[in-house]
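Following: one structure in structure tokens, then a few remarks.
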Amino acid sequence: MRAPAADPIDRSRFPVDDWGIVETRYDTVNLGQRETIFAVGNGFLGLRGNNEEGSAEDHAHGTFINGFHETWDIRHAEDAVGFARVGQTVVNVPDVKTILIAVDGEQLRLSTAELESFSRTLDFRDGVLRRELLWVTAAGQRVQLRSTRMVSFTRRNLALMSYEIVVLDSDAEVVITSDVRNRQDGVPEGASNVVGFDPRRSAQFENRVLLSQVNREEQGRMVFGYRAAHSGLGLAITVDHELYTADAVSIETRMYADLGRRTYRIAATMGEPILLLKWAAYHDGPPEVEVADLVGLARLTIDDAQAVGREAIEADQQGWLEHYWSRADVQLDGQPELQQAVRWCLFQLAQATARADGAGIGAKGVTGSGYQGHYFWDTEIYLVPFLAHTNTGLARRALRFRIAMLDKARERATQMAQRGALFPWRTINGEEASAYYAAGTAQYHIDADVAFAICKYADVCGDLEFLVGEALPVLVETARLYVDLGFFRGPERSFHIHSVTGPDEYSAVVNNNLYTNLMARANLYRAAEAVRLLQATDSAAYADLVRDLRLTEQEVACWQEAAEAMTIPYDEGFGVHPQDEDFLSREVWDLANTPPSKHPLLLHYHPLVIYRFQVLKQADAILALFLAGDEFTPEQKRADYEYYDPITTGDSTLSAVVQSIIAAEVGYQDRALKSFIEGIFVDLADLHHNTGDGVHIASAGGVWNALVYGFGGLRDYRGRISIDPRLPQGWTSLRFGFRLNGSRVQLELTQDEVVLTLVNGPGGTVAVRGLDVAVVGPAPVRVQLADQGPRLPTITGTVPLIHGRPARPDEVTVGLPSE
């Protein structure tokens, strides 16, 4: 994709703010993107950033509970053994955001209203979305409106909204209507805006999803209970209102299966504020839990919240975020536009992970229905490293969710005629939900990604008890799968893994994918090491493991043998690692002559057409250079980057941040910065034109990776921390924190030095450009830098480089499919 400008944001409308995202005027253009970037959530519950009054032009009203889904039978035109059977789609649960206002009979409609002023801000320090506007009615009455919206980080099931009205010119009749709407089973506003095929969007249900179990008014509260028709999951919503006014008011409540409506008619006095507080509690549960019990929990949530009051809840929220930022913040002095974007991304990670509590982390968090609310391997690769360094508790929870899926993964391996466990490519409930096996089930690297994340967490946090305890069965079962999936060949007994798909979805069902083989090898090595460590340190626990998993020493020895014999493709002629065994023999896609209207390729070409070419949707071999970087020489990394970067389309939001990391390392500093800017503005500038479907959470996690691993030059292979910085030209400093043997260290990087400060813990040793530095006391440790690494001239063109020059026609064939 074409690189964005250094700052692709319209700053007249979205001004720079270090600690928030601000909008200064209202219009109906690209509402979906703004609904996403102004969404509030906590990892369990998410409310999209629709304006309270709604609009016919809205992209998608949305309220989502992490993991609350409906199931449906996947229909295959031509069936086969092992095909995914049960689809899973996140449900748009009943929406509590809507608050309508009418003054002297005129209803506020934002798309046509005269607004003297409009602004809203999502504050990253307290997680509150605030909006203020001045509306002039057709009769000339000026009406000031202020609203707030938050989802609590400290009270998982709670959302709290406020809506304040002041009529400024004369007394008036004000009518406030507060709704709870089941939009899932109605026709959503903005549905006409969603056109065309796009597999990244959520599926639509054919039949009713939420079966009404409870709808009643209870002591002035609106109470709803539902059961999902096929998944059987239960849901309860309770909403309470508090109206503060000195004026006369009448109240009416109407309750239906899919709509609750509280109407206030107020004889408003000029200049006197009218304040409405709206408390909402959401509770969900498995099929065996009665909806009535969930209703009871929702009631208690509201009772407890109201007992402590709004101010205390907002103070708790601010305290939670203050603690979060003390560990997660990354500071870029002198780069205000980038600083705002960085903090927006990091805030999205908080909103996606904070209270996931036993659920996974969706590709869109709780901000939208894109990818049907599924969990992917993105969590393990792009988020767990961030969490391990900034919030060990959240990292452990994310991994425990995968561990809880182990039995489902074992079942899936059996369905696929394999030993061990096979984790799904996309899922909510643990079952594979991808109907297209070539880009789904064939991604056998998922097992190694899970193992990678487990080991990354254990290494960075020093949690060996977790590694050889609750996580060890996952390492064992994934190692079993790879030994069973692959095979030894020839007298040299090299080990091969065939018919798999790597991270790049533009190449599928290939032999010896570089990324898969490298990650599987690490999985095998680490599984064997962990078993032997347990054997040496806890004989009783080892005996239990052997008994429960029917493990033998011969099996562990076989993992070691397979790892040592693993085939790692390398082409001597080109001097690069082929992405897979046959990749270099294919025609190169002529990206230079592919019009922008044909991107992303997946929406315009049959998969088989794409598979015949050398063209990448996302980093694959380049991702291997990062995750398994200690397996490559600097020269190999540069050669591989030069080959694959020019033919990577960027059609996936997972790619730019990884390309930035390796570009920085090998010396293409300008490419590193361009890729970083592409990654950091994916959603804020809607670079892929699908931000309306939800935040790209993995890309937001990748921004942290690009800053810390890319420009900061940090590496943490097997828990050993090394620093080789690559601060971009024009940047004065970069500051972030990381974990060192369970301790916390703050790093400050300038063009001339690295400063390391121990924040807490015993400290340890950090290698800075090969020099071991002890970080063990309160005094900052300063290391002078001669430079920021090599700086190579930019790569131009879309033809792979071979031995540092564009490939010749006798080396590669460049072409396009016929139209």
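The values are calculated or read from the model by the stated rules, or taken from the named source; none is laboratory data. In this text the structure is predicted, and so the values were computed from the model without any measurement. Virtual Cβ from ideal backbone geometry, glycine too; neighbours counted across all protein chains shown. Please note that ligands, DNA and RNA were not included when accessible areas were found on the heavy atoms of the full protein model with its side chains. Shrake-Rupley method; radii C 1.70, N 1.55, O 1.52, S 1.80 Å.
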Stick to the Cα atoms of segment 540-586, pair each with every other, and give me the Kirkwood hydrodynamic radius in Å at one decimal. 13.8 Å
What translational diffusion coefficient, to the nearest whole µm²/s, does the chain have by Stokes-Einstein, given a Kirkwood radius computed over alpha-carbon pairs, a temperature of 25 °C and 0.890 mPa s viscosity? 88 µm²/s
Amide hydrogen neighbours beyond the local backbone of V768, cut-off 5 Å, H modeled: I723, V773
Nearest-10 value in Å² for the accessible area of E78, using the 1.4 Å probe: 150 Å²
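Averaging over every viewing direction, what projected area does the convex hull of the Cα atoms of segment 752-819 cover, in nm²? The partial results should precede the final answer.
Numbers: hull surface 38.2 nm².
For segment 752-819, the mean projected area of the Cα convex hull comes to 9.5 nm².
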Acute angle (nearest 10 degrees) that the helix 634-644 long axis makes with the longest principal axis of the chain, alpha-carbon atoms: 60 degrees
Rg followed by Dmax, in Å, when segment 1-52 is reduced to its Cα trace: 13.0, 36
Nearest 10, in degrees from 0 to 90: the angle of helix 539-549 to the longest Cα principal axis of the chain is 80 degrees
Students often check this: by mean Cβ neighbours within 10 Å, which of 769-778, 612-621, 255-264, 568-577 ranks highest, and how do the rest follow? 612-621, 255-264, 568-577, 769-778
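Could you give the length gained on full extension between D407 and D544, defined as 0.36 nm per residue of separation minus the Cα-Cα distance, in nm?
Numbers: separation 137, 0.36 × 137 = 49.32 nm, distance 1.80 nm.
Length difference between fully extended and current span is 47.5 nm.
Could you calculate, for segment 472-535, the ratio of the Cα radius of gyration to the Kirkwood radius, expressed as Rg to Rh?
Working: Rg = 13.0 Å, Rh = 12.7 Å.
Over the Cα atoms of segment 472-535, Rg/Rh equals 1.03.
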Report ³J(HN,Hα) in whole Hz for each residue of segment 526-534, in order, from the Karplus equation J = 6.51 cos²θ - 1.76 cosθ + 1.60 where θ = phi - 60°; Gly and Pro get x. 5, 5, 5, 4, 5, 5, 5, 5, 5
Over the alpha carbons of segment 616-701, what is the largest minus smallest coordinate on each principal axis, giving the biggest first in Å? 41, 22, 21
Alpha-carbon centroid distance for the pair segment 707-771 / segment 782-810, whole angstrom: 24 Å
Per-residue ³J(HN,Hα) for segment 372-384, Karplus 6.51 cos²θ - 1.76 cosθ + 1.60, θ = phi - 60°, Hz, x for Gly and Pro: 6, x, 7, 9, 10, 6, 3, 4, 5, 8, 9, 10, 4
Report the Rg/Rh value for segment 303-370, based on alpha-carbon coordinates and the Kirkwood definition of Rh. 1.06
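Given the DSSP H assignment, sum -39500 (n - 2.57) over each helix run of at least 4 residues in the chain and divide by its residue total; what's the result at 222 nm in deg cm²/dmol, nearest 500?
Numbers: 19 runs with 231 residues, N = 819.
Counting only the DSSP helices, I get -9000 deg cm²/dmol.
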Part-to-part distance (alpha-carbon centres) for segment 68-131 and segment 304-367, which is given in Å: 20 Å
Binned at 10 Å from 0, what are the whole-percent values of the Cα-Cα distance distribution for segment 418-559, short to long? 12, 40, 33, 14, 1
With label points set 7 Å from each Cα along the Cα-to-Cβ direction at Y436 and R718, the distance between them in nm comes to 4.0 nm
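For a distance above 25 Å, tell me the whole-number percent of Cα pairs in segment 683-819 that qualify.
48 percent
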On average, how much accessible surface per residue is there in the chain, in Å², for a 1.4 Å probe, leaving out ligands, DNA and RNA? 36 Å²
Ratio for segment 607-648, C-alpha Rg to 2.2 N^0.38 Å, reads 1.28
Segment 408-491, accessible surface, carbon-and-sulfur percent (1.4 angstrom probe): 53 percent
Semi-axes of the equivalent ellipsoid of segment 350-454: what are they in whole Å, largest first, if each equals the square root of 5 times a C-alpha gyration tensor eigenvalue? 23, 16, 11
Please quote Rg/Rh for segment 1-113 to two decimal places, taking the Kirkwood radius as Rh and restricting both calculations to Cα atoms. 1.11
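What number in nm² do you get for segment 667-732 if you take the convex hull of its Cα atoms and divide its surface by four? The partial results should precede the final answer.
Values: hull surface 22.0 nm².
So the Cα hull casts an average projection of 5.5 nm².
Exceeding 30 Å between C-alpha atoms, which entries from my cross-link table qualify? They are K97/K364; K408/K674; K456/K598; K408/K456; K364/K637.
Details: K97/K364 20 Å; K408/K674 41 Å; K456/K598 38 Å; K408/K456 23 Å; K364/K637 32 Å.
Those over the limit are K408/K674; K456/K598; K364/K637.
So if we plug the beta-carbon distance of S818 and S585 into 1/(1 + (r/R0)^6) with R0 = 25 Å, what FRET efficiency do we get, rounded to 0.05?
Working: r = 20 Å, r/R0 = 0.82.
E between S818 and S585, to the nearest 0.05, is 0.75.
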What's the angle, to the nearest 10 degrees (0 to 90), between helix 310-328's Cα axis and the longest principal axis of the chain? 20 degrees
Please identify every one of the GluC sites (Glu not before Pro) in segment 481-559 that sits in a loop by DSSP and has no more than 15 other beta carbons within 10 Å of its own beta carbon. E492
Read phi for every residue in segment 285-295 and hand back ³J(HN,Hα) as whole Hz from Karplus 6.51 cos²θ - 1.76 cosθ + 1.60, θ = phi - 60°, with x for Gly and Pro. x, x, x, 6, 8, 5, 4, 4, 5, 5, 4
Expressed in angstrom, Rg and Dmax over the Cα atoms of segment 413-455 are 10.3, 30
Could you please report the charge total around T36, scoring K, R as +1 and D, E as -1 over all other residues with beta-carbon less than 11 angstrom from its beta-carbon? -1
Kindly provide the pair-distance distribution of segment 88-193 built from C-alpha pairs, with 10 Å bins from 0 and whole-percent values in order of increasing distance. 12, 36, 35, 16, 2, 0
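When each pair of different Cα atoms in segment 70-112 is counted once in the 1/r mean, what is the Kirkwood radius in angstroms, to one decimal?
On the way: mean 1/r = 0.0659 Å⁻¹.
Answer for segment 70-112: a Kirkwood hydrodynamic radius of 15.2 Å.
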For segment 587-603 and segment 484-541, what is the centre-to-centre distance using only Cα atoms, to the nearest Å? 34 Å
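Between rounded, prolate and oblate, where does segment 576-725 land on the alpha carbon gyration tensor, with a ≥ b ≥ c its root eigenvalues, rounded for a/c under 1.5, else prolate if a/b exceeds b/c? Please list the in-between numbers first.
Working: a/c = 2.07, a/b = 1.23, b/c = 1.69.
Oblate is the answer for segment 576-725, as a/c is 1.5 or above yet b/c matches or exceeds a/b.
Output the Kirkwood hydrodynamic radius of segment 501-604, Cα pairs only, in Å rounded to one decimal.
Over segment 501-604, the inverse of the mean reciprocal pair distance is 17.1 Å.
Based on the alpha-carbon gyration tensor of segment 292-411 and its eigenvalue square roots a ≥ b ≥ c, which shape applies: rounded if a/c is under 1.5, prolate if not and a/b is larger than b/c, or oblate? Intermediate values should be presented prior to the final figure.
Working: a/c = 1.94, a/b = 1.04, b/c = 1.86.
It comes out oblate by the Cα gyration axes.
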